[in-house]
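In what follows, a single structure is set out as structure tokens and then discussed.
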Amino acid sequence: MLDLRSIRQDPEEVRERLRVRGDPAETDAAIDRVLELNAERRRLIAEVDVLKARRNSVSEEVGDRKRHGEVVDDLILEMREVAERIKGLDADLRASEAGIEDVLLRTPNTPDPGVPTGGEADNVVVREWGSPPVFDFQPRPHWELGEELGLVDLEVGAKVAGSGFPAFIGPGARLRRALIDWMLDLHVREHGYTEVSPPFLVTQAAMKGTGQYPKFVQEGDAYEVKEDGLYLVPTAEVPVTNFHREELLDGHRLPISYVAYSPCFRREAGAAGKDTRGLLRVHQFDKVELVRFERPEESDAALERLTGHAERVLQALGLPYRVVLLAGGDLGFASRKTYDLEVWAPGVGRWLEVSSSSNYWDFQARRADIRFRPAPGAKPEFVHTLNASGVALPRTLVALIENGQQADGSVVVPEVLRQYVGTERFKR
RNA sequence: GGAGGGUUGGCAGAACGGCUAAUGCACCGGUCUUGAAAACCGGCGGGCGCAAGCCCAUCAGGGUUCGAAUCCCUGGCCCUCCGCCA
């Protein structure tokens, strides 16, 4: 959520920065609406405060005079009327506050000054690591290899849950579990994260805190358990960031860094017909997520380090990848700045996004009310939250299979995974 | 699923429906001190305001009342017991 005060103080600046995302008509209208409602809100506050002050002082007087046995019927009569007017004005006030909240909850974060204007085509490749393997045969897609080697069974997944719910079999199931264990170990041991295991269903308040509610939810992307008012997590970011919702943290606790495994559930409502084959886009997938709570002045540097932690996974697996700075139009709703990690998949001949590393600045912290005291005795401030996938499984699995494939149809397992998987090679 | 108890500041913990949330701890500033501790003085939820000051704030939302932390209703969460169950 954007800061109401900064919108009021410099609306042009906020408009300017939101334009980097494109769609200036919509965001300009949102800012106009907020300014209008806020002017009304301030007017109502001024009006109702006078009445409340009167009520408070008269109520005090009533108490005094009653104790002295005086009759105060006239005052009580007057106050009855004042109480009615206060009730009416308070209702108006709540309505304008709700209106402001409603608009602000739907207004995305302002991009960082370093974020390029434009859409996906304006994303910037910041760096590349490794080089795509050279094959003396035609590399095959993972859905062929995965099925042939008995690692993945899309049919069986579809039978029990519908398409987009893959089932992993035998060594494939082992590989899935191995990747999760190994990644968790890596981030705990080498990057100092605290491992946590969150609930996989969350409340609407939690979804609101990280920014999935209202937009993501109302666009039908979240699976909802209506009876309990809960949502299946689209990412561990939601429960883990909300660990500290409505908390005032001691400054010396920062930074806080968590790593969590969770399954992720997404309806992919807007992606009908896209990437329907294989594991490229599914409704349920596994992900190891990194979540950080930082002091504001640290968060820019923390984003670079965080991205490096996710990169380390791909480096250790020997997978060629590139780091992409997202342009404004490609930026997630809550994010101020995002790097995507894209891994090369020779079988499908594409770069696949396996991680998104974002600095949310104080956007989520304001929604979720996560503050810290910068110094003893100082006023509380909002923390900055960040997170990165470290990393998402299915596409990483795709890359492992497609990059590791041999002419005979077998797939070589990267060195670091061998003790977790228990084999050097998947073969028929 | 049933019954009961609880929910107040960073923490602990008071408050016959009225005098507008006591007190302690922690923390911040000051006095004192060579320095510290102790002691003492002041501050220590949020908003608006240059200021005086005003308003809001006792889990959330309704209600009763001139006036609600306090009474009533609904809901959340925590704890205890019973039932069921992995």
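Observations on the model:
- Here the range A:148-194 and the range A:53-115 have alpha carbon centers that stand 56 Å from each other.
- Dipole magnitude (debye, nearest 20) for the range A:120-426, charges at Cβ of Lys, Arg, Asp, Glu: 440
- Where chain A is the region considered: accessible area per residue in Å², 1.4 Å probe: 47
- In this calculation the C-beta distance from residue A:252 to residue A:205 is compared with R0 = 30 Å, giving a FRET efficiency of 0.60.
- Largest GNM mean-square fluctuation across A:291, A:20, A:126, computed for chain A with C-alpha springs under 10 Å, falls on A:126.
- The range A:1-139, relative contact order in percent, only Cα pairs under 8 angstrom and at least six apart counted: 43
- Relative contact order (percent, whole number), chain A, Cα cutoff 8 Å, 6+ residue spacing: 20
- Å³ per residue enclosed by the Cα convex hull of chain A: 174
- Here the range A:88-188 exposes an accessible surface that is 52 percent carbon and sulfur, computed with a 1.4 Å probe and the other protein chains kept in place.
- Relative packing of peptides A:222-231, A:402-411, A:238-247 - highest average C-beta neighbours within 10 Å first: A:238-247, A:402-411, A:222-231
- Angle of helix A:299-317 to the longest C-alpha principal axis of chain A, folded into 0 to 90 degrees and rounded to 10: 20°.
- For chain A, modelled as a GNM whose springs connect Cα atoms under 10 angstrom apart, the maximal fluctuation among A:100, A:76, A:401 occurs at A:76.
- Charge dipole of the range A:4-105 about the Cα centre (unit charges at C-beta), most positive-ward option of A:62, A:45, A:34: A:62
- Apportionment of accessible area to carbon and sulfur, the range A:229-366, percent (1.4 Å): 42
- Bridging of residue A:226 to lysines at a Cα separation below 27 Å is possible for A:159, A:208, A:215, A:287, once same-chain residues fewer than 8 apart are set aside.
- Once the C-beta distance of residue A:5 and residue A:196 is scaled by a Förster radius of 41 Å, the resulting FRET efficiency is 0.75 to the nearest 0.05.
- Projecting label points 7 angstrom from Cα along Cα→Cβ for residue A:131 and residue A:274 puts them 3.3 nm apart.
- FRET efficiency estimate (nearest 0.05) - Cβ-Cβ, residue A:225 to residue A:428, R0 45 angstrom: 0.65
The values are calculated or read from the model by the stated rules, or taken from the named source; none is laboratory data. These numbers come from a predicted model, not from an experiment. Cβ coordinates were reconstructed from backbone atoms using ideal geometry, including for glycine residues, and neighbour counts include every protein chain displayed. Note: accessible area is taken over every heavy atom of the protein model, side chains too, but ligands, DNA and RNA are not part of it. Shrake-Rupley method; radii C 1.70, N 1.55, O 1.52, S 1.80 Å.
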